[in-house]
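Each remark here refers to the structure printed beneath this line.
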Amino acid sequence: MNAVAVFFAIPRGYKDKLSAISGMEGVGYKSDSSDYNKDNHTLYVLEFSCGYDSAEEQAIEAALDSDFSGCKMIWKSDNSSLSAIPVHILIYS
């Protein structure tokens, strides 16, 4: 399973909207976990089975950029060929 981590600098509440993105197979989130909630920041892990750099993954990333353009958030693919910086470093920095 491939994944994209999405970190919102807002209170939680986007799981359903993220789940509705075409191509999503699951959205990881635990409301009672400090791994997913820190201060007013929330982490969601989007799970999909399409390949990295596929048209499907690009559509997911485009949906994140357009559907959540008004939100203060960052997202990072777990595609190891893109960066040597681990997602958890981005999230807690």
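The values are calculated or read from the model by the stated rules, or taken from the named source; none is laboratory data. Because the structure is a prediction, the values reported are computed rather than measured. All Cβ positions, glycine included, derive from the backbone under ideal geometry; neighbour counts span all protein chains shown. Heads up: the accessible areas ignore ligands, DNA and RNA and are worked out on the full protein's heavy atoms, side chains in. Shrake-Rupley method; radii C 1.70, N 1.55, O 1.52, S 1.80 Å.
A few comments on the model shown:
- With the cut-off at under 11 Å, measuring from each backbone N in segment 17-56 to a point 7 Å along the Cα-to-Cβ line of Met1 picks out 25-29, 45-49.
- Summed side-chain charge close to Ile74 - residues other than Ile74 whose Cβ falls under 13 Å, Lys, Arg +1, Asp, Glu -1: 0
- Inter-site label distance for Glu61 and Ser49 at 7 Å from Cα along Cβ, in nm: 2.2
- Maximal additional length on extending the Ser33-Cys71 stretch stands at 11.5 nm, based on 0.36 nm per residue less the C-alpha distance.
- Estimated dipole of segment 1-75 in Debye, rounded to 20 [Cβ of Lys and Arg +1, of Asp and Glu -1, Cα centre]: 380
- Among the GluC sites (Glu not before Pro) found in segment 22-69, those both in a DSSP coil and sparsely packed, with 16 or fewer other Cβ atoms within 10 Å of their Cβ, are Glu25.
- Accessible area of Ser69 (1.4 Å probe, protein heavy atoms only, ligands and nucleic acids ignored): about 90 Å².
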